[in-house]
Amino acid sequence: MGPLSARLLIQRGRPKTDRLGKIRSLDLSGLKLLSEHLDPKLLGRLTQLQELDLSNNQLDTLPADLGLSHLRILRCANNQLGDVTALCQFPQLEELSLEGNPFLTVSDKLKVSFLLPKLRKVNGKDASTTCSQVENLNRELINRVTAHWEKFMAALGPEEEAEKAQADFVRSAVRDVHYGPESLSEFTQWRVRMISEELVASGGTQVHEADNPVGPPEATAACRPQAKLVVLKRPADTPFNLSPNKRVCASPLAQMEGSPVSSDGSQPALQLEPLHFLQCHSKNNSPRDLETQLWACAFEPAWDEGRLGATSQTVATCGGEAVCVIDCQTGIVLHKYKAPGEEFFSVAWTALMVVTQAGHKKRWSVLAVAGLRGLVRLLHVRAGFCCGVIRAHKKAIATLCFSPTHETHLFTASYDKRIILWDIGVPNHDYEFQASQLLTLDTTSIPLRLCPVASCPDEYLLAGCEGGCCCWDVRLDQPQKRRMCEVEFVFSEGSEASGRRVDGLAFVNKDVVASKGNGLGTICLWSWSQTWAGRGSQSTVAVVVLVQLQWSPTKLAYFSLSTCADEGIVLCGDEEGNVWIYDVRHILKQPLPLPAAPQAPTQILKWPQPWALGQMVTKTMVNTVVANPTFTYLTALTDSNIVAIWKRP
């Protein structure tokens, strides 16, 4: 396709007319147009143009001076665009399509929302959530750059030239002011530079986002979520840093009510600040959805675990037909994957080392998700697509678990009463997985939780099941590829409790196991090594109980416990929306025998009673509670479609 002509524009324009100035809609899709073919002088004659379709061309950029000041709808799908800043020339734009531009990133999507204050739809979806994310992110960046300005000016010597000092400030701000996850660093640096330059130009008078909104007043109003939720404040008028997604807002009771409740009074309460309450799994994106049940969450592995202070602040959550990847610091939903007709029950992360086509090694975060349909989907999180599906079971998958020693080994546990060990393999250059089945483990009841034995994860696997707790030999050098349960663990020998379900299972450290379900109102801590040493040739073994932890007396099931092994923490939710926290290090250090009476929790985080759509959300069940390894962030999932995130300062 050569340069555009007035004749071509008239042919493809609507309504039919012989004058360019009367065209209101123009279709230039599928013409193999290059960026240099978009002649600003010619297109500038389309003074009444409101809708332009440039889809399915070869554009790598948009000229910065097209002069289409009345444009409301722009379609640029399936091109080669690598930058979106030229879109600021269309201040009236309401709808934008950018699908199929492989070089655009999450940061570009945020830039679009910042640059176009009247934007309502992006790629056919409501843009209000992203716009709200940008508002929150922008507010935090302005505060941080302003604080950096004050610190920089205070350290400035009287002899330094003002012009050089201002340039130094902009460079230092871009270098030193950080916020949010690495995937948004391009956007944050872009905004930090912009804010810094504005601050320099104004002589430091731009200090707060409230005085300097992202856009004009009408633009800010256009970007607010359609379902506006009241933002209440904590004592001292300190506002909650609420999430930019569909939000519920905490009432004044939302501050942490947990206090030291241990019997000896020696354990001070952990300081946990509620950050975000998100409705990001809503069915049909409806803000009225307070019914979707959320089941599992897991923190992304920290790639720099050898570096002091390295931790993960990215958590994956699942419930309903959606899987969300959330940055805990900002509350931004980085990625959302939906599978209509599915109900997700479990998520699990692994970090693979792959080799690119250029021969470079690259670490890849892969998220395995599964649920009602018995399929395991392998998600390339940063690219935002599903790159593999394993037809693992004919019935629903209750839980997933990657091996802690083999990054490609994945256990799946199903309602078909089987546990299967898969090798998902390493993806090829087309991002395709070829999974293979390594072992099949038969169970006598439905497996609910999986837990490789911490001291020997390549040898034994524990499973909490509807009928109790079982153990399998999973060594791959053994000939049998299909195996029955090797040992069943009994928690109260000779009583009815011995066959009850175990719906919570996790290692506290290399030896101590936390399990829940066999005794009402308690969590059991027991020793793997002492229990295994007394096994002999028996197929049924009584566990060596170390201590019981006091928990909710509810008869309801399927509240999943978790542990933060590096911190000696046990976590569990309950039917009232509370989070029970146990710091068990001091208990396990006591001389044997440990106290027989159930030990009280270190503290209980009370449900914050958030408001949504004018009503208080009460009596919700906290199905799952998980913290990252350093216990910096704590995430709780409910049966009322709320993801709650706390932070330890």
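The values are calculated or read from the model by the stated rules, or taken from the named source; none is laboratory data. Predicted model only: the values in this text are computed from it and were never measured. Each accessible area value is taken on the protein alone, full model and side chains, heavy atoms only, with ligands, DNA and RNA left out. Shrake-Rupley method; radii C 1.70, N 1.55, O 1.52, S 1.80 Å.
Is region 438-498 rounded, prolate or oblate when judged by the Cα gyration tensor, a ≥ b ≥ c being the square roots of its eigenvalues, rounded requiring a/c under 1.5 and prolate requiring a/b larger than b/c? Since a/c reaches 1.5 and a/b is larger than b/c, the shape of region 438-498 is classed as prolate.
A 1.4 Å probe run over region 96-154, with the rest of the protein chains in place, finds 43 Å² accessible per residue. Of the solvent-accessible surface of region 56-210, computed with a 1.4 Å probe over protein heavy atoms with every protein chain present, carbon and sulfur atoms account for 50 percent.
Note that region 103-110 has calculated 3J(HN,Hα) couplings of 8, 7, 10, 4, 4, 5, 5, 5 Hz, one per residue in order, obtained from phi through the Karplus relation 6.51 cos²θ - 1.76 cosθ + 1.60 (θ = phi - 60°); glycine and proline are x. Taking each residue as 0.36 nm, the span from Cys456 to Glu486 lengthens on full extension beyond its C-alpha to C-alpha distance by 9.3 nm. By its C-alpha gyration tensor, with a ≥ b ≥ c as the square roots of the eigenvalues, how is region 572-649 shaped: rounded for a/c under 1.5, else prolate for a/b larger than b/c, else oblate? It comes out prolate by the Cα gyration axes. Accessible surface of region 514-649, 1.4 Å probe: 55 percent of it comes from carbon and sulfur atoms.
Subtracting the Cα-Cα distance from 0.36 nm times the residue separation, let me have the gained length for Gln434 to Ala86 in nm, one decimal.
Working it through step by step, the gained length comes to 121.1 nm.
Amide H to amide H distances under 5 Å link Thr399 with Ala413, where only residues 5 or more positions off or on other chains count and H is placed in the peptide plane.
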